[in-house]
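Nothing in this text is a laboratory measurement; each read-out follows from the coordinates by a stated rule. Quick caveat, the model's predicted, so the values are computed rather than measured. Heads up, the Cβs are rebuilt from the backbone with ideal geometry, glycines too, and the neighbour counts pull from every protein chain shown.
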Amino acid sequence: MKNISAIKWLLLPLVFSMPAFAHNHQAEPAAEHQSDSLFNITDTWTTSNEKPFHMAELKGGPAVIAMIYTSCKDICPLIVEDMKKIERLLPPEQAEKVHFAVFSFDSDRDNPKILKEYARAHGIDSSRWTIARNSPDAVRRLAVAIGMKYKKNKTGDFVHSELITILDEDGVIKYQQSDSRLSEDDAVLAIKHMLH
């Protein structure tokens, strides 16, 4: 009995040091705003149009970004709809200056053809939008940079944070929305503030 008790005490620090993931797509707290630019990430992503894409291409104006996977049936479509709502709430002259980008963390299944079908199904047809995929290592680098948590389960689906991130023109995180039930008004105000 003493040995079992001792093992329990030894395992406690290990349990508490393990990363926490959102269960059933529950909201996670937003990551603290980071001083480093996401444009320092040099990985080459592949868009739905099979073109190379680098984070630095979001330079020059605010960017609204999120990470999803296309076979997600619940929270990921809501994230994309929230991004589209942010775009609609901006005056047209301001929306023209904002980039929108969706990055898949399902490297195995989300190929460019799937991404293109997803974009079509969700009405993502504006030149302001990018939807892209990359290798698992590149996905992890971006996820760490924005504070996104995700984990593949036995079915091949994911449990993950729900997160919309807004970057300034230099690629620095200025705003994060971590709950799809929140109003998009704060996100729109953050973008408008950057454009003045």
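For segment 22-195, dividing the convex hull volume of the Cα atoms by the residue count gives 102 Å³ per residue.
Using Cβ counts within 10 Å as a stand-in for footprinting exposure, how do GLU87, GLU81 rank, fewest first?
Ascending Cβ contact count within 10 Å gives the list GLU81, GLU87.
Full extension of the chain between VAL144 and LYS73 gives 23.2 nm of extra length, using 0.36 nm per residue less the Cα-Cα distance.
Only Cα sites of segment 98-162 enter the Debye sum here, all with the same form factor; the resulting log10 I(q)/I(0) across q = 0.13, 0.17, 0.20, 0.26 1/Å is -0.39, -0.66, -0.90, -1.25, listed in q order.
Contact order, relative form, for segment 22-195: 36 percent (alpha carbon pairs under 8 Å, 6 or more residues apart, mean separation divided by residue count).
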